[in-house]
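S.K.: Got a structure here, written out as structure tokens. Questions coming.
Nothing in this text is a laboratory measurement; each read-out follows from the coordinates by a stated rule. Remember, it's a predicted structure, so these values are computed and weren't measured experimentally.
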Amino acid sequence: MPDPSRNPIKRASTSTLNEYTSWKGTRAMSWATRLNSWLGESFLGPADGQEEAAKVAILEKAMKSRQQTDLMLRCTVLDAEGNVKTISGQFKRSDLCSEHRLNPRDLRKIDSRIPNLVPTILVRWEAILVNVLHIRALVKADAVILFDTYGSTDSRLHSVFLYHLEHNLKSKGSGLPYEFRALESIFLSVVSALEAEMVFIRNLVGGLLAELEDDIDHDKFKRLLHYSRRLASFQNRAKLVEEAIEEVLEQDEDLAAMYLTDKKNDIERKPNDHDELEVLFETFSKQVEEIVNEAENTQSNVQSTQEIVELILDSNRNALLALDLKVSIGTMGIGMGALIAGLFGMNLASHIEESPYAFIAMSVLSSAVALLVSWAGLRRCPLVAPIY
């Protein structure tokens, strides 16, 4: 049996597996080591051993990088004066939870790298967690932490929101507490984003519906189906935002707990003493409701147009079927006339061929039978005209 120490490929595989085993620490055997012991040294050839070593090295690198990044969050912090204190800074999840008295599960949706379609507004003892559309924020009585999503720092929407938030936090003339001004900027950005997308989709759909009134084309109908799906997705997201706001409005305890400034100053409030915040939420709730209604109206117009187009296409299809039926009836009539002519054209003695009028009589008879059969069939065929 060959000595494995003399094989460079197996030496590299053994060295890499030893590094991986020492990196795991508490585990007695890595998955690659178990795989080698299960398959056996005699089963794995030099190429297989090199491939396993490469897989282990890639896995080790991926797990190290994942261990470093998964516990970190990229955040933008605004202080009590509305100034940007930190831009896209790296913060540990454990530090954020301990500093702001949060549970790790509270940061689960905000930490997700996949865009979350379900908006949430969570009220905690010292903070308000907002996850609505493109905004993921932690609002406190004297600070706002924006959790940056991937690609959001370069987007125009995020820049406009950050500018408006900074300006709104600095303006104290409105008399609203710090957290209310932050929530106002957040919901204003959400409503603006919904309105902008609604206007864009409405213009696309309106122009296409106007084109379909003049001409029905396969490509246009395909675009209409695509816009209909996009409109349905937007309508669903807008409804979810409306439901999230309505859910907060129905909870008096959550509304009262959102007075973070009073809570910080040890000012007690009654559970039903939240008129100022309720008016703020109802204002944006009405705006989102109007957007949802507009989306529903546009969706209704699209569905009506689709139904009309389908009726027109069905009518044209029925017209083609009727034309095919008429051609078939005419073919049947001609076939009946040809049948009569064929009977007399057989090579049998009938003495009719001796008459000088036999050809004319048979031609007239065959034509009459063909016309009679065709007329009888076409009379029973319904009149279907195409719609243009």
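S.K.: Kindly write out, for segment 227-239 in residue order, the coupling ³J(HN,Hα) from the Karplus curve 6.51 cos²θ - 1.76 cosθ + 1.60 (θ = phi - 60°), rounded to whole Hz, with x marking Gly and Pro.
M.R.: Coupling constants for segment 227-239: 5, 5, 5, 5, 5, 5, 5, 5, 4, 5, 5, 5, 5 Hz.
S.K.: What aspartates and glutamates does K220 reach when the alpha-carbon gap must be under 12 Å and sequence neighbours fewer than 8 apart in one chain are set aside?
M.R.: Straight-line reach from K220, under 12 Å: E211.
S.K.: Which pairs in the list K239/K264; K140/K270; K109/K140 are over 25 Å apart, alpha-carbon to alpha-carbon?
M.R.: Violating the 25 Å limit, Cα to Cα: K239/K264.
S.K.: Using the Kirkwood formula over every pair of different C-alpha atoms, what hydrodynamic radius in Å results for segment 234-303?
M.R.: The Cα-based Kirkwood calculation yields 13.6 Å.
S.K.: List the aspartates and glutamates whose Cα lies under 16 Å from the Cα of K170, skipping any in the same chain that are fewer than 8 positions away.
M.R.: Partners found: D79, E81, D142, E179, E184.
S.K.: How big is the Rg/Rh ratio for segment 72-314, C-alpha atoms only, Rh by Kirkwood, two decimals?
M.R.: Computed over Cα atoms, the ratio is 1.06.
S.K.: Can I ask one more? Could you give the spread of the C-alpha atoms of segment 317-380 along their three principal axes, from largest to smallest, in whole angstroms?
M.R.: 52, 18, 13
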